[in-house]
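The values are calculated or read from the model by the stated rules, or taken from the named source; none is laboratory data. Bear in mind that the values here come from a model prediction, so they are computed numbers and not experimental data. Don't worry about glycine lacking a Cβ; one is built from the backbone with ideal geometry, like all the others, and counts go over all protein chains shown.
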Amino acid sequence: MRFIGKAIIAALGVIATIGCGAPAEAASRTTHARTLASGAVPVSSFMPITGRTSTPWGWVDFCARYQAECAGGPLPPEDVELTPGNWRLIEQVNEKVNHAIRPMSDMDHWGVVDQWDLPSDGYGDCEDYALLKRKLLISLGLPRQALLMTVVKDEHGDGHAILTVKTDHGEFVLDNMRENVVAWDAVPYTFVKRQSQSNPDFWEQIGPPTLAPLIVSR
């Protein structure tokens, strides 16, 4: 097992501070936070999944190096019950990881064009943010089957990775390029593929076929 650096330990501090009855952070001024105060939760739609597709090499290589992160095998699909407490938890993990990790390209970090990793030294690019958010949310009790690594093309056509959370109120994305958790169809991305809920080693196409990016880099 690899050493888990101080940045991840700091981000893990969220576990000790989030509880079912924890109040929303005072710094949050989003519409979602205001609606949660009245007991409401946000609503999104669901992605159009259109069939099996190829698994990114980055995920295959990550699992070879971090076997514990990919263990468990196939499971029945399960969505997050989007209670106000779970929504606060998702938002707080997203915010803490975005603030704890500093952006760095894989070439600068590892000397390769694309490597999926946990940002144990406090630096990483888009998929590293998403992998850490996935790890933390699983450790906080959310179902692995609802926390799905997702590959998109950004508004410039470049490859990008985010974490999708599938809930009973629709699907939302945790993105290192955005401060807030938002509905998946509220971002200007072309969605390419994501993990299957049943098996994280199987990936599914989102919408009509589109050429997958060679690398994810932001």
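Go through 122, 157, 85, 111 for me and flag whichever is more than 13 Å from the chain's Cα centre (by Cα) and under 30 Å from residue 209 (Cα atoms).
Answer to the check: 157.
From the list 148, 132, exactly one residue is in a helix (DSSP H, G or I) and either among the aromatic types (Phe, Trp, Tyr) or at pLDDT 95 or above (or both). Which is it?
From the options 148, 132, the qualifying one is 132.
Filter the stretch 105-129 down to the residues that are touching a residue at least 24 places away in the same chain (Cβ under 8 Å), within 18 Å of residue 216 (Cα to Cα) and either among the charged types (D, E, K, R) or part of a helix (DSSP H, G or I) (or both) and list them by number.
106, 114, 117, 125, 126, 127, 128, 129
What's the number of the condition residue 115 fails, among (1) crowded, with 19+ Cβ neighbours inside 10 Å; (2) under 22 Å from residue 52 (Cβ atoms)?
(2)
Given the criteria more than 15 Å from the chain's Cα centre (by Cα), closer than 24 Å to residue 86 by Cβ and among the aliphatic types (A, V, I, L, M), does residue 206 qualify?
Answer is yes for this residue.
Report, ordered by the first and then the second residue, all pairs with beta carbons closer than 8 Å, sequence separation of six or more or different chains, a first member in the stretch 166-177 that is touching a residue at least 24 places away in the same chain (Cβ under 8 Å) and within 17 Å of residue 132 (Cα to Cα), and a second member that is among the basic types (Lys, Arg) and outside any loop (DSSP other than H, G, I, E, B).
That search, which allows pairs on different chains as well, returns 174/133.
Would it be correct to say that residue 204 is surrounded by fewer than 16 Cβ atoms within 10 Å (Cβ to Cβ) and either touching a residue at least 24 places away in the same chain (Cβ under 8 Å) or in contact with a Lys or Arg (Cβ under 6 Å, 6 or more places away or on another chain) (or both)?
When the stated conditions are applied, residue 204 does not pass them.
I need the strands (runs of 3 or more DSSP E) fully contained in the stretch 160-218, keeping only those with at least 2 residues that are modelled with pLDDT of 95 or more and farther than 11 Å from residue 148 by Cα.
Filter on the stretch 160-218 gives 190-195, 203-206.
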